[in-house]
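Scroll down for the structure; my scribbles are underneath it.
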Amino acid sequence: MKKLIIINGPNLNLLGKREPEIYGSFSFSEFLETIREKYSNITIDYFQSNIEGELIDKIQEVGFTYDGIVLNAAAYTHTSIGIGDAIKAIEAPVIEVHISNTFSREEFRHQSYISPVSKGVILGFGLQSYELAIQSFI
Ligand code: DQA
């Protein structure tokens, strides 16, 4: 059975409550439940942290045994050389995802330390960005 993990960065624990006009009104746990039912032939693990080092630890932990990582590093996308380096260090392919279209937002969101080291990037499709990333691994 294929093993994937979705890793979410800071503030994504507040999905559904946080700026719903940008990020929607669904909580991530509701979405995850739906997606796990729909793709029941693969394992979809989930990890969220607001702490940069914990995200790096998780990437290292799963990076040699999982078939793929769907990563929304949230604000760390635009700042974290450490997360970029962690992706370079592992074997599992990473798909970078964003809920919003970061290129239609503030200039500081146009920079990504994740994109150059990812297999692909999917952004701007709401929570569907995660589903499209999962489909790319199937
Ligand atoms: C985000 C976009 C980031 O710029 C922002 O800091 C987030 C969420 C997105 O999914 O659209 O927290 O990664």
Query raised in the report: Name the pairs whose Cβ atoms lie under 6 Å apart, with the first residue in the stretch 56-77 and more than 20 Å from Pro10 (Cα to Cα), the second among the basic types (Lys, Arg) and not in a loop (DSSP other than H, G, I, E, B), and 6 or more positions between them or separate chains?
Result: Tyr66/Lys3; Asp67/Lys3
Report summary line: All conditions in (1) without any contact (Cβ under 8 Å) to a residue 12 or more places away in the chain; (2) within 13 Å of the chain's Cα centre (by Cα) are true of Gly126 except (1)
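Only one of these is open to solvent by 50 Å² or more (accessible area, probe 1.4 Å) and under 25 Å from Asn41 (Cα atoms): Val121, Val97. Name it. Working first, answer last.
Numbers: Val97 fails: open to solvent by 50 Å² or more (accessible area, probe 1.4 Å).
Going through Val121, Val97 in turn, just one is open to solvent by 50 Å² or more (accessible area, probe 1.4 Å) and under 25 Å from Asn41 (Cα atoms): Val121.
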**Report entry** Glu106 vs. criteria more than 16 Å from Ser129 (Cα to Cα), open to solvent by 10 Å² or more (accessible area, probe 1.4 Å) and away from the ligand (no atom under 16 Å from the Cβ)
**Finding:** no
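Return the total of residues in the stretch 66-98 being over 21 Å from Ser136 (Cβ atoms) and within 12 Å of the ligand (Cβ to nearest atom).
5
For residues in the stretch 1-59 being of a type in the set (A, V, I, L, M), within 16 Å of the chain's Cα centre (by Cα) and open to solvent by 70 Å² or more (accessible area, probe 1.4 Å), which is modelled with the highest pLDDT?
So the first thing to find is which residues in the stretch 1-59 are of a type in the set (A, V, I, L, M), and the list is 1, 4-7, 12, 14-15, 22, 32, 35, 42, 44, 51, 55-56, 59.
So of that shortlist, the ones also within 16 Å of the chain's Cα centre (by Cα) come out as 4-7, 12, 14-15, 32, 35, 44, 51, 55-56, 59.
From what's left, open to solvent by 70 Å² or more (accessible area, probe 1.4 Å): 14, 51.
Details: Leu14: 92, Ile51: 98.
Out of the qualifying residues, it is Ile51.
Identify, from the list Leu12, Leu55, Leu4, the residue that is under 17 Å from Ile95 (Cβ atoms) and within 12 Å of the ligand (Cβ to nearest atom). Outline the logic, then answer.
Values: Leu55 fails: within 12 Å of the ligand (Cβ to nearest atom); Leu4 fails: within 12 Å of the ligand (Cβ to nearest atom).
Only one candidate qualifies: Leu12.
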Report task. Scan the stretch 86-120 residue by residue and report those that are within 14 Å of Ala75 (Cβ to Cβ) and of a type in the set (Lys, Arg). Result -> Arg105, Arg109
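The values are calculated or read from the model by the stated rules, or taken from the named source; none is laboratory data. Computed from a prediction, not measured in an experiment: that's the story for all the values here. All Cβ positions, glycine included, derive from the backbone under ideal geometry; neighbour counts span all protein chains shown. Only protein heavy atoms, including side chains, enter the accessible area calculation; ligands, DNA and RNA are left aside. Shrake-Rupley method; radii C 1.70, N 1.55, O 1.52, S 1.80 Å.
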